[in-house]
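Input: a single structure, listed below in structure tokens.
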């Protein structure tokens, strides 16, 4: 599909997914897709359409008791010779099919077709999710136009294998910095080896047993790992500095300050410098709109709610006081891979479940062909 063509929001959701995926939109190059999304949504008079950079927002104004947000990011990681998409049997292959243009296509289809949803809906399609957090389009909207995100509940279409995933773990990165004394390696006794000093840091990590923490009925598995280590300047020099970078994924029962304190306690006696952090998000499943959503989704998908172990933008909604969940087609383990692919049935299932929720209709009452 050429970048200047319009998206056909009346197409079936699988065809629409292919159209969205076939407009390349690697982070930083989302403009052609954002233009196509904006043009397609402006053709529907029941929607107010707004834009900030390459983020497009469309919303209804029906005077409903509750407003909900359905959001998804337009960007992908770089293409790995996996576009255009291809449909093989019941599986759609290609960059973005999992992360997360399947979820975007579901939202676009419903934004166009649902003129009388039971909740007022704000549909958000944003840029720069796959890169540095300060560039994130959803974060930019929260800073510049917080009123655009006002809602009672939010659904983020991140891939969840077609299941409901509540909240997300927080993430913290620190550097454990070790100092030594440089010397010629032929006279090592003159110096102090900073890389050797990292041994105790690694032993503490090896002995550490991460917790599984129950938060609002969901069990979040934590993890604490060395992810990078650096030190040394030459093969004949005793290194005078070493840095062990540690990543802590912590349950949303902790805030960032508590996570930092936990890591500092573990590495007591060492120089610990925080380099990056992001809070998690509680499941939010106790909100009335969330309960309605869970009932509609689980009636279609079966199963039960699960925790999201990775960090997602539900945390941004949580920071705004909006409970949020992850729900979208695609196996997260296939995100960013060269063989990224999604079962067609999962795209259709997510479309059917969201439609049931937003129309207040039992799934079995939906006319055939609406999935």
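Coordinate-derived values only; no laboratory data. Treat the numbers as computed from the prediction; the structure is a model and nothing was measured. Please note: Cβ atoms are built from the backbone with ideal geometry, for glycine as well, and neighbour counts cover all protein chains shown.
First check a/c for region 59-131, with a ≥ b ≥ c the square roots of the eigenvalues of its C-alpha gyration tensor; if it is under 1.5, answer rounded, and if not, answer prolate when a/b is larger than b/c or oblate otherwise. Write down the numbers at each step before the final one.
Values: a/c = 4.11, a/b = 1.96, b/c = 2.10.
Cα axes put region 59-131 in the oblate bin.
Mind ranking 332-339, 256-263, 93-100, 71-78 by how tightly packed they are, going by the mean number of other C-beta atoms within 10 angstrom, highest first?
With the highest mean Cβ count within 10 Å placed first, the list reads 93-100, 71-78, 256-263, 332-339.
Measure nothing but the geometry: give the 0 to 90° angle between the long axis through the Cα atoms of 344-359 and the longest principal axis through the Cα atoms of the chain, rounded to 10°.
Its long axis makes an angle of about 70 degrees.
What do you get for the angle between helix 288-301 and the principal long axis of the chain? Use alpha-carbon atoms, 0 to 90 degrees, nearest ten.
Tilt relative to the chain: about 80 degrees.
To the nearest 0.05, how large is the calculated FRET efficiency for residue 216 and residue 43 if R₀ is 35 Å and r is the Cβ-Cβ distance?
Between residue 216 and residue 43 the formula returns 0.30.
Based on DSSP H runs of at least 4 residues, each adding -39500 (n - 2.57), what is the mean residue ellipticity at 222 nm of the chain after dividing by all its residues, to the nearest 500 deg cm²/dmol?
-8500 deg cm²/dmol
Over the chain, what is the mean sequence separation of C-alpha contacts under 8 Å (at least six apart), divided by residue count, expressed as relative contact order in percent?
Relative contact order, the chain: 22 percent.
Considering only DSSP beta bridges where both residues belong to the chain, give the percentage that are antiparallel (nearest 5).
75 percent
Given points 7 Å out from each Cα along the Cα-Cβ axis, report the residue 275 to residue 309 separation in nanometres with one decimal.
So the two model labels end up 2.3 nm from each other.
Taking Rh as the Kirkwood radius, which is the inverse of the mean 1/r over Cα pairs, what is the Rg/Rh value for region 13-89?
The Rg/Rh ratio comes out at 1.03.
For the residue pair residue 145 and residue 77, what label-to-label distance in nm results when each label sits 7 Å from Cα along the Cα-to-beta-carbon direction?
3.0 nm
As an exercise, use a Förster radius of 56 Å and the Cβ-Cβ distance of residue 10 and residue 268 to find the FRET efficiency, rounded to the nearest 0.05.
The formula returns an efficiency of 0.35 here.
For region 170-278, rounded, prolate or oblate, judged on the Cα gyration tensor with a ≥ b ≥ c (square roots of eigenvalues), a/c < 1.5 rounded, else prolate if a/b > b/c?
In terms of gyration-tensor shape, prolate.
Mind checking the full-extension length gain between residue 86 and residue 230? Use 0.36 nm per residue of separation minus the Cα-Cα distance, one decimal, nm.
Taking residue 86 through residue 230 to full extension adds about 47.6 nm, to one decimal.
Between residue 298 and residue 134, what FRET efficiency follows from the Cβ-Cβ distance if R0 is 30 Å, with the result rounded to 0.05?
So the FRET efficiency works out to roughly 0.25.
Decide, for region 267-364, between rounded, prolate and oblate: order the square roots of the alpha carbon gyration tensor eigenvalues as a ≥ b ≥ c, take rounded if a/c falls under 1.5, and otherwise choose prolate if a/b is larger than b/c, else oblate. Don't jump to the answer; show the numbers that get you there.
Details: a/c = 3.08, a/b = 1.59, b/c = 1.94.
Oblate shape, in that a/c is at least 1.5 and b/c is the bigger or equal ratio.
Which residues among region 261-293 fall inside the zone where the amide N is under 17 Å from a point 7 Å beyond the Cα of residue 205, along Cα→Cβ?
262-277
Any idea what diffusion coefficient the chain gets from Stokes-Einstein, in µm²/s, Kirkwood Rh on alpha carbon pairs, 4 °C, 1.567 mPa s?
After rounding, the answer is 59 µm²/s.
Out of 107, 299, 290, any idea which swings most in a Gaussian network model of the chain, alpha carbons joined below 10 Å?
In this elastic network of the chain, the residue with the biggest mean-square fluctuation among 107, 299, 290 is 299.
Cα centroids of region 47-117 and region 122-151: how far apart, whole angstrom?
14 Å
Which angle between 0 and 90 degrees, to the nearest 10, do you get for helix 256-266 versus the longest principal axis of the chain when only C-alpha atoms count?
Tilt of helix 256-266: around 30 degrees.
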